[in-house]
Amino acid sequence: MSGVVALAVQAQQTPSPQGAAVEGKLGKLSGRIEILGRVFNMPLRVGEDQARVVFYRTLQDALPGATSVFVNGEYHASIVRGGYSELCISPGPAEFGSRQMQAGARPKDPYDTISAMQVPGGRTQYLKVHVVGGRPVLRNMSEEQALRELDGLRLQMHTISRVDAAQACREVIKPEMYEVELGADALFAFDRSSLDALLPEGRMSLDRLIEQLREQNIQVQRMHAIGHADPLGTAAHNERLAQDRAQTVIQYLQSNGLDRALMSSEGLGARQPVVDSCGRRPTPEAIRCNQPNRRVVLRITGISPKRR
């Protein structure tokens, strides 16, 4: 265990597609380790027979190196600035130790600090690394403040927990499905699909959706955009138009702060019409009649705070 931790704290952090990586040497060995993974998402509630604990360090934390975290005397993780880690254990009393490791320093046996507390069942406890007298202290934070500070932090993934009492988290709430239908004629100029073809009304519709998700504090688990076209024109053109419009909607949502890793898109062309009696000749009457068929449907899987 100490060798893995030493490599992490003696290496230099570099950017990586997943978040961050370290490159360094341990004796004659050298290598690259991905240390930060996916962005934090608010965890689902666990059952009353479990407690979830989330440990984290903000980017503003001034301590150099990694903070090693111990649970009831057993090593759990080494957390760098901007990282978080979590585990599920049985409810009850627990001791959380912390030890700061700096580049070039020899491993030390005693903890810098130990925090003893009760971990309640059916809840998530948030422990933040605070700096007190130059030492790391694990401090219990309210959920409201912790969620603000965890926004944008990434999963610490370069070490393996040795906590024997750790359990697989058993979440008790299933996400709900929300479906939002957006008329393509309000979103885009006719027969266009690019970001610069988004109409003011379309941008307002997407902005309202983003605002509602944030105001209602919906924890988005998945968002899938499905583009639909009318049967006017060739099948190949309609397939491409529907796909491009769905992708542009995802692009706009991403540019306004939603996580691209949670989003996907597809185009179904004219294969699932709402109305099918409008004719296929591009007359003004057929264009008006086919308006309901031109649409983008957003299927959002998420958790409402009322069900957490």
### Message
Can you list the strands (runs of 3 or more DSSP E) lying wholly within the range 127-216 that have 3 or more residues being among the basic types (Lys, Arg)?
### Response
none
### Task
Only residues in the range 119-147 that are touching a residue at least 40 places away in the same chain (Cβ under 8 Å) count as the first member; pair them with residues that are basic (Lys, Arg) and open to solvent by less than 10 Å² (accessible area, probe 1.4 Å), Cβ under 8 angstrom, at least 6 apart or cross-chain, and list the lot.
123/52; 124/52; 125/52; 128/57; 129/57
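To keep it simple, each residue is scored yes or no on (1) crowded, with 21+ Cβ neighbours inside 10 Å; (2) within 29 Å of residue 174 (Cβ to Cβ).
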site	(1), (2)
221	no, yes
265	yes, yes
268	no, yes
271	no, no
275	no, no
284	no, no
292	no, no
300	yes, yes
### Query
When the range 73-89 is examined, which residues are found to be in a loop (DSSP other than H, G, I, E, B) and out of contact with any helix residue (DSSP H, G or I) (no Cβ under 9 Å at 6 or more places or on another chain)?
73, 81, 82
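This table checks each residue for (1) open to solvent by 10 Å² or more (accessible area, probe 1.4 Å); (2) acidic (Asp, Glu); (3) farther than 22 Å from residue 175 by Cβ; (4) out of contact with any helix residue (DSSP H, G or I) (no Cβ under 7 Å at 6 or more places or on another chain).
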{"residue": "188", "(1), (2), (3), (4)": "no, no, yes, no"}
{"residue": "195", "(1), (2), (3), (4)": "yes, no, yes, no"}
{"residue": "201", "(1), (2), (3), (4)": "yes, yes, yes, no"}
{"residue": "217", "(1), (2), (3), (4)": "yes, no, no, no"}
{"residue": "232", "(1), (2), (3), (4)": "yes, no, yes, no"}
{"residue": "237", "(1), (2), (3), (4)": "yes, no, yes, yes"}
{"residue": "251", "(1), (2), (3), (4)": "yes, no, yes, no"}
### Message
Considering only residues that are closer than 16 Å to residue 68 by Cβ and open to solvent by 70 Å² or more (accessible area, probe 1.4 Å), which ones fall in the range 132-157?
### Response
135, 157
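The values are calculated or read from the model by the stated rules, or taken from the named source; none is laboratory data. Predicted model only: the values in this text are computed from it and were never measured. Note that we place each Cβ from the backbone using ideal geometry, even for glycine, and neighbour counts take in every protein chain shown. Keep in mind that these areas ignore ligands, DNA and RNA; they rest on the heavy atoms of the full protein, side chains included. Shrake-Rupley method; radii C 1.70, N 1.55, O 1.52, S 1.80 Å.
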